[in-house]
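**Student:** Questions regarding the structure given below will be posed in turn.
Values in this text are rule-based calculations from the coordinates and carry no lab data. All values reported here derive from a predicted model rather than from experimental measurement. All Cβ positions, glycine included, derive from the backbone under ideal geometry; neighbour counts span all protein chains shown.
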Amino acid sequence: MRNAYSPNFGPRRENTPVDMLVFHYTGMQTAQSAINRLCDPDSNVSAHYCIDENGIIFSMVDEDKRAWHAGKSFWRGETDINSRSIGIEIVNPGHHLGYCSFPEGQMTSVVNLSKDILSRYSIPAWNVVGHSDIAPDRKLDPGEFFDWEKLAAAGVGVWPTPRTSNQCNLKSTLATYGYDGEAHNTIEAFQRHFRPSAITGKSDEESCQIAAGLIEMVTKI
Ligand SMILES: [Zn+2]
């Protein structure tokens with residue numbers, strides 16, 4: 001782990017537990033340009049950690065401080081996501097600059113850092129999210145190449161088993177799970193995370209079955 005301290009942070013809201021983990025991609029051409037931006041006092045953005053393509057982890061903001069990575073967002077009724085989350089930026093050019101798969105060494109560091117964080121906080125599996133999950137109308141990161149299934153297999157987050165669902169209203173099921181039911185791109189964000197093979201933004205049988213699997217996990221745990 002290396003240090004790349006950012007001045008962009010504040011106090012967390014009082015009496016708020018850290019119970020979310022949020023993944024991002026940097027959406028910039030290089031790791032250095034992303035780190036420069038995350039440390040620039042004029043950018044007003046930051047994250048607790050940044051992981052480069054080679055898997056090197058940079059510590060940027062102390063975990064007990066509120067980093068500025070989520071922006072306007074929503075999850076399970078909460079809108080001040082920065083106060084209750086740890087934010088991890090993962091170096092990748094992103095959808096606008098040549099989105100590419102995440103190298104294995106980088107993903108190994110994502111898994112290891114996440115497991116370390118999960119061992120120190122009480123973070124439910126359904127609160128391990130991507131930026132697009134909590135801001136579906138603004139964000140696409142970390143995107144459909146992010147290997148959520150592998151992460152879940154390592155004990156980080158959820159990968160649901162599809163279940164049969166009767167009378168599926170996909171958007172309201174997703175709102176029950178935690179998504180903002182008022183957002184336009186809720187279904188698209190859910191598919192980007194949980195059904196990356198077909199991101200249509202439309203409800204279909206398979207999406208309904210995956211969503212039913214999500215709900216089952218929440219009620220079972
Ligand atoms: Zn982001």
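**Student:** Once a ≥ b ≥ c are taken as the square roots of the eigenvalues of the Cα gyration tensor of the chain, is the result rounded (a/c under 1.5), prolate (a/b larger than b/c) or oblate (a/b not larger than b/c)? Present the calculation step by step, with values, prior to reporting the outcome.
**Tutor:** Working: a/c = 1.70, a/b = 1.50, b/c = 1.14.
Since a/c reaches 1.5 and a/b is larger than b/c, the shape of the chain is classed as prolate.
**Student:** Sticking with this structure for a sec: Need the full-extension length gain, Phe145 to Cys100, defined as separation in residues times 0.36 nm minus the C-alpha distance. One decimal, nm. Please list the in-between numbers first.
**Tutor:** Working: separation 45, 0.36 × 45 = 16.20 nm, distance 0.73 nm.
Extra length from Phe145 to Cys100 when fully extended: 15.5 nm.
**Student:** Tell me, for the chain, which Cys residues have no other cysteine's C-beta sitting closer than 4.7 Å.
**Tutor:** Within the chain, the cysteines lacking a partner Cβ under 4.7 Å are Cys39, Cys50, Cys100.
**Student:** While we're looking at this one, here's another question. Starting at the first residue of the stretch 106-117, write each ³J(HN,Hα) from the Karplus equation 6.51 cos²θ - 1.76 cosθ + 1.60 with θ = phi - 60°, in whole Hz, x for Gly and Pro.
**Tutor:** Coupling constants for the stretch 106-117: 5, 5, 4, 5, 4, 5, 5, 5, 5, 5, 4, 5 Hz.
**Student:** Here's a follow-up. At a 10 angstrom cut-off on C-beta neighbours, averaged per residue, how do the peptides 157-165, 209-217 rank from highest to lowest? Before the final figure, lay out each step's value.
**Tutor:** Details: 157-165: 17.2, 209-217: 20.0.
Per-residue mean Cβ counts within 10 Å order the peptides as 209-217, 157-165.
**Student:** Next question. Given H placed on each backbone N at 1.01 Å, which residues far from Ile90 in sequence or on other chains put an amide H within less than 5 Å of it?
**Tutor:** Counting only residues 5 or more places away or on other chains, the set is His24, Tyr25, Thr26, Ile51.
**Student:** Just how large is the dipole of the stretch 87-221 about the Cα centre, in debye to the nearest 20, putting +1 at every Lys and Arg Cβ and -1 at every Asp and Glu Cβ?
**Tutor:** On the way: 11 positive and 16 negative charges, 50 e Å.
So the magnitude is around 240 debye.
**Student:** Something else about it: Once phi is turned into ³J(HN,Hα) by the Karplus curve 6.51 cos²θ - 1.76 cosθ + 1.60 with θ = phi - 60°, what whole-Hz value does each residue of the stretch 184-192 show in order, with x for glycine and proline?
**Tutor:** With the stated coefficients, the stretch 184-192 comes to 6, 9, 4, 5, 4, 5, 4, 5, 4 Hz.
**Student:** I'd like the Karplus ³J(HN,Hα) series for the stretch 137-144: coefficients 6.51, -1.76, 1.60, θ = phi - 60°, whole numbers in Hz, and an x wherever there's a Gly or Pro.
**Tutor:** Result, rounded to whole Hz: 8, 10, 10, 10, 8, x, x, 6.
**Student:** Hey, another quick one. Given only helices, namely DSSP H runs of n ≥ 4 each adding -39500 (n - 2.57), what is the per-residue ellipticity at 222 nm of the chain, to the nearest 500 deg cm²/dmol?
**Tutor:** Values: 7 runs with 69 residues, N = 221.
Computed mean residue ellipticity for the chain: -9000 deg cm²/dmol.
**Student:** Now a separate question. Could you give the angle, 0 to 90 degrees to the nearest 10, between helix 205-220's Cα long axis and the longest principal axis of the Cα atoms of the chain?
**Tutor:** So the inclination is approximately 70 degrees.
**Student:** Taking amide H positions as placed 1.01 Å from N in the peptide plane, with prolines and chain starts having none, which residues 5 or more places from Val128, or on another chain, fall under 5 Å of its amide H?
**Tutor:** Leu21
**Student:** Mind ranking 133-139, 22-28 by how tightly packed they are, going by the mean number of other C-beta atoms within 10 angstrom, highest first?
**Tutor:** Values: 133-139: 22.0, 22-28: 24.9.
Top of the packing list down: 22-28, 133-139.
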